[in-house]
Amino acid sequence: MSIENKKPLQGIKVVDLSTYVAAPVCARMLADMGAEVIKIETFRGDPWRETAKACTYTDDYENPVFDIYNAGKKSICLNIKHELGMKALMEMLAEADVFITNTRPRSLAKLGLDYETLHKKFPRLIYGTIVGFGEKGPDADSPGFDNVAYWTRSGFLMDMSIKSEGSYPVLSPTGTGDTVTGGMLFGGIMTALYQREKTGMGDYVSTALYNTGIWVLASMIMQAQEKYGVKFPKERIDSSPFSSPYLCADGEWICITVLDYLRYRDPLFKILGIEEEMSKFDIPTSAHMKKQSAQIIPIMEKAFIKKTSKEWEKLLKEADMVCGIMTHMKDVSVDEQAIVNQFVQEFHFRNGETCMMPCPPIRLQSQDAPLAESAPLVGEHTRDVLLNMGYDADAIDAMIQAGAVK
């Protein structure tokens with residue numbers, strides 16, 4: 001294989017003892033970069049398999065919400081509470097570069113899979129973990145999915161809810177906080193791999209769903225502090241007129257984001273045909289404009305409603321202004337821009353069906369975009385993995401009979 005075709009993590013071995021979404025995302029991204037990822041599952045399999053099927057009302061042979069987070073992995077069903085199962089896991093870890101888990105720390109310690117124990121046995125092993133709320137404090141050992149640890153605890157769901165009769169808090173999007181957190185862990189593990197090249201030693205890499213939620217919402221959390229006094233959700237008139245959506249003549253909305261205020265202020269007013277009206281305001285800076293949003297936004301609304309969204313998009317882009325027609329999630333799968341850049345790719349399921357599969361947002365110039373691969377069925381590679389480790393067929397059969405593997 002030529003160096004041009006060799007993936008950057010080829011030769012790296014990853015043991016993925018994780019479930020649901022956040023940690024599996026990290027392992028999937030490592031697989032995309034060429035790592036061999038062995039997913040350790042119970043005999044039931046990762047519980048996310050069933051949850052994911054309920055998202056699309058499909059079966060094991062067409063399970064896109066599971067495949068997207070587990071593409072390119074090998075699956076082995078291992079009973080690590082059985083002596084032979086734990087022995088096999090330790091043999092995998094002895095050869096592994098990375099161990100990923102999101103099992104709660106207390107359970108890992110009981111199994112002898114905590115960082116301190118494994119580091120003594122395998123000092124070159126990089127240990128990556130995701131927890132819900134952090135490793136200290138009263139909630140350190142509490143379970144936490146992104147719906148609670150990322151979205152709820154960060155304040156987003158409550159503070160972005162528009163209150164009215166019969167209203168309820170905003171519902172969190174499936175797996176979004178998990179995906180961001182998994183990407184953070186990926187970056188940490190890549191840093192640890194780089195560090196190991198210099199020191200020869202592994203490291204402990206961790207992140208928390210709650211911490212990621214705080215970091216992603218950092219600017220809003222800063223503004224919400226008592227000393228700054230910004231309230232959420234913001235009313236329309238509280239937003240900047242230059243960073244708002246506007247309804248157009250065709251019933252579609254267009255969103256503009258103009259941050260270089262002095263450069264684009266007058267050209268935008270000219271395009272909208274409102275120079276005379278805006279000359280009545282004292283708006284030398286964007287802060288001055290924002291303070292008068294209640295008077296300025298209605299003027300801009302009346303201008304935008306006069307043309308279609310496509311007409312406005314053309315005019316604004318010709319003036320080099322950032323804008324976009326507000327689309328729906330279903331539109332992304334057929335968006336030429338997403339397809340030509342392979343942000344989404346055609347994916348083939350085991351049952352012959354296809355869909356457009358979103359892809360991780362990392363590209364290396366030396367590499368083609370990673371192709372979306374199928375996720376493994378439960379225990380699909382149990383025999384292959386054990387054979388590659390040196391077990392013979394009789395030994396594998398004996399382990400199956402003993403309930404150590406499946």
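The values are calculated or read from the model by the stated rules, or taken from the named source; none is laboratory data. Computed from a predicted model, the values in this text were never measured in an experiment. Positions of Cβ are generated from backbone atoms using ideal geometry, with glycine treated the same way; all protein chains shown enter the neighbour counts.
In the set (1) surrounded by fewer than 19 Cβ atoms within 10 Å (Cβ to Cβ); (2) not in a loop (DSSP other than H, G, I, E, B), Tyr69 fails one condition alone, (1). Can you tell which of Leu78, Leu93 is touching a helix residue (DSSP H, G or I) at 6+ places or on another chain (Cβ under 6 Å), buried (at least 16 other Cβ atoms within 10 Å of the Cβ), closer than 19 Å to Leu125 by Cβ and touching a residue at least 24 places away in the same chain (Cβ under 8 Å)? Within the list Leu78, Leu93, the selection yields Leu78. Pick from the range 130-170 the residues that are among the aliphatic types (A, V, I, L, M) and either outside the structural domain of Val98 (by TED's automatic domain parsing) or under 17 Å from the mean Cα position of the chain (by Cα) (or both): which of them is surrounded by the most Cβ atoms within 10 Å (Cβ to Cβ)? Here the answer is Ile130.
Which of the residues spanning the range 367-390 are in contact with a Lys or Arg (Cβ under 9 Å, 6 or more places away or on another chain) and assigned to a loop (DSSP other than H, G, I, E, B)?
Selection gives Gln367, Ala369, Pro370, Glu373, Ser374, Ala375, Pro376, Leu377, Val378, Gly379, Glu380, His381.
In this structure, does Thr58 turn out to be over 20 Å from the mean Cα position of the chain (by Cα), outside any loop (DSSP other than H, G, I, E, B) and free of Cβ contacts under 8 Å to residues at least 12 places away in the same chain? For Thr58, the condition - over 20 Å from the mean Cα position of the chain (by Cα), outside any loop (DSSP other than H, G, I, E, B) and free of Cβ contacts under 8 Å to residues at least 12 places away in the same chain - is not met.
Going by the conditions given, is Met190 under 14 Å from the mean Cα position of the chain (by Cα) and under 16 Å from Tyr127 (Cβ atoms)? No: the conditions fail for Met190. Pairing residues of the range 151-166 that are closer than 18 Å to Ile221 by Cα with residues that are assigned to a helix (DSSP H, G or I) and of a type in the set (Gly, Ala, Ser), at Cβ distances under 6 Å and at least 6 apart in sequence or on separate chains, gives Trp151/Gly177; Ser154/Gly213.
Contact annotation: residue pairs with Cβ atoms under 7 Å, 6 or more positions apart or on different chains, pairing a residue in the range 342-356 that is within 18 Å of Thr58 (Cα to Cα) with a partner that is surrounded by 14 or more Cβ atoms within 10 Å (Cβ to Cβ) and among the charged types (D, E, K, R), are Phe349/Glu62; Asn351/Glu62; Glu353/Glu62.
For every residue, the table says whether it meets (1) out of contact with any strand residue (DSSP E or B) (no Cβ under 8 Å at 6 or more places or on another chain); (2) farther than 23 Å from Glu373 by Cα; (3) not hydroxyl-bearing (Ser, Thr, Tyr).
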site	(1), (2), (3)
Met33	yes, no, yes
Glu36	no, no, yes
Thr42	no, no, no
Cys55	yes, no, yes
Lys73	no, no, yes
Arg124	yes, yes, yes
Asp146	yes, yes, yes
